[in-house]
Amino acid sequence: MLLPELLTLQNGEQQLQALGRAMATFEAAIETLQPTICDRRSAMEAQLKAFEVLC
């Protein structure tokens, strides 16, 4: 009887499809946030350099 195995495979395929959609959404969010992350990192580095000058 292959029915349980087929249901398991179908469930696994549905999970993979859902993960693929979630990954695409995550990648889009990362791409959207990348400029902000770079700007914040640059600002942090500038503040750190200014702090080091004071020390």
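Here are the numbers for the structure shown:
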item	result
Condition check for Glu27: among the charged types (D, E, K, R) and either loosely packed, with under 10 Cβ neighbours inside 10 Å or at positive phi (or both)	no
Which listed residue, of Ala50, Ala43, is modelled with pLDDT of 95 or more, in a helix (DSSP H, G or I) and either hydroxyl-bearing (Ser, Thr, Tyr) or exposed (fewer than 10 other Cβ atoms within 10 Å of the Cβ) (or both)	Ala50
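The values are calculated or read from the model by the stated rules, or taken from the named source; none is laboratory data. This is a predicted model, so every value here is computed, not measured. Neighbour counts run over all protein chains shown; Cβ positions are idealised from the backbone, glycine included.
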